[in-house]
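Bear in mind these aren't lab numbers, they're just calculated from the coordinates by the rules spelled out. Computed from a predicted structure; not experimentally measured. A quick note on method: Cβ atoms are made from the backbone with ideal geometry, for glycine too, and the neighbour counts reach across all protein chains shown.
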Amino acid sequence: MADRAHPAALTPTPGRPGQRAPLLGIDLGGTKIEALMLGADGKALWRERVPTPQGDYRATLAVIAGLVARAEAASGARNMCVGIGTPGSETASGKMRNANSTCLNGQPLRSDLQALLARPMRIANDANCLALSEASDGAAAGAAVVFAVILGTGVGGGLVVNRELLAGANGLAGEWGHNPLPWADAETDADPAACYCGKHGCIETWLSGPALARDHGRHTGEQLDAAQIAARAASGDAAAEASLARYASRLARALAAVINLVDPDLIVLGGGLSRIDSLYTRVPHLWPRHVFSAGADQPLRTRLVQSLHGAASGVRGAARLWRDAAQPVR
């Protein structure tokens, strides 16, 4: 069943002349598809969430088209600008790649949606949408250089400089999760796992939720998910605490490499594992030993923060892909 939120202040009437049209973002997730309409002031005007048709590309397109139609009916706007946040990214030919929602891979998502909806679309990786949202009016608002990380079922990153999303010449800017884990420890980081991308030992295979569960199981024999491990650690369970300590060490090393490369003002964490409070003190304590020239006379200014908008950051960032095109209603 759809999860809908229609604030009473939103009445489906045509936009008034001179009024800026709202922006519509859609977050295409593995289990749910969420649509959110933002007003010119950044406030949510309308939201709906529906289940993702598992493994069915054509049904996914139809669900997105239905969300757009209902958003326009709710707002009275027509031909709204639509931004899509999705796992993976586009190739130069416009086909999707590296999406853990595998039915998207190899499909011309943007052009198919443009044909279906008769309007231009903008598409960005979900971590890029997180970065744009948090740099615009979230935890990193006002920061010059922002690196945002999704730590969940998968792992990804996005980079925003002066509130502008960097995509890169190959559409790979911020693709942090598919680099090797740096400064690997021969004892704790042995036996790197295979990654769906075809390589072994990617950062994603060490820092995703399933990776934390797998690491804990390898050391204890217990089959717990990431949330259960975090809860046990918070209650004083020594084995769970040891698993989180290994996780924090890996995260600190992986983020230290980012600091060495782009030197961000803030690193923002999103995704389910971003709710582990201990990471925000433990990781910044660990990463200086891996950052070039960091020391007592050169303290690190980079801060690690949790996303302000939480699970809504992806869809808010998707709407903001059209921020420069929010034209007045005529």
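Just want the ordering: Thr52, Thr205, Thr302, Thr91, from fewest to most Cβ atoms lying within 10 Å of their own Cβ.
With the sparsest Cβ surroundings first, the list reads Thr91, Thr52, Thr302, Thr205.
Find the relative contact order for the chain and round it to a whole percent, using C-alpha pairs within less than 8 Å whose residues are 6+ positions apart. Spell out each step's value before the answer.
Values: 658 pairs, mean separation 71.3, N = 330.
Rounded, it is 22 percent for the chain.
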### Query
Quick one: which of 153-161, 93-101, 182-190 comes out on top by average Cβ neighbours within 10 Å, and what's the full order, highest first?
153-161, 93-101, 182-190
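Taking a quarter of the surface of the convex hull around the Cα atoms of region 156-200, what do you get in nm²?
Values: hull surface 17.7 nm².
Hull-based average projected area comes out at 4.4 nm².
Mind pulling the per residue volume of the convex hull built on the Cα atoms of the chain? Å³ is fine.
Details: hull volume 48.4 nm³, N = 330.
So the per-residue Cα hull volume is 147 Å³.
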### Query
When the helices in the chain are scored as -39500 (n - 2.57) per DSSP H run of 4 or longer and the sum is shared across all residues, what 222 nm value do you end up with, to the nearest 500 deg cm²/dmol?
-10000 deg cm²/dmol
#### Entry: Global form of region 31-164, assessed from the alpha-carbon gyration tensor, a/c cut-off 1.5
oblate
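Write down, largest first, the equivalent ellipsoid semi-axes of region 211-263 in whole Å, where each equals the square root of 5 times an eigenvalue of the alpha-carbon gyration tensor. Show your work: numbers first, answer last.
On the way: eigenvalues 126, 25, 14 Å².
Equivalent-ellipsoid dimensions as semi-axes: 25, 11, 8 Å.
Among the complete DSSP H segments of the chain, which ones combine at least 18 Å of alpha-carbon extent along their axis with a mean Kyte-Doolittle hydropathy of -0.5 or more? Please list the in-between numbers first.
On the way: long enough: 57-75 (28 Å, 0.92); 238-262 (36 Å, 0.91).
Span-like helices here: 57-75, 238-262.
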### Query
For Glu164, Glu134, what ranking results if the residue with the fewest other Cβ atoms within 10 Å of its Cβ goes first?
Glu164, Glu134
### Message
For His290, His200, His216, which order do you get if you count the other beta carbons within 10 Å of each Cβ and list the fewest first?
### Response
His200, His290, His216
### Query
So which chymotrypsin sites (Phe, Trp or Tyr not before Pro) in region 228-330 are both in a DSSP loop and have at most 15 other Cβ atoms within 10 Å of their Cβ?
Phe292
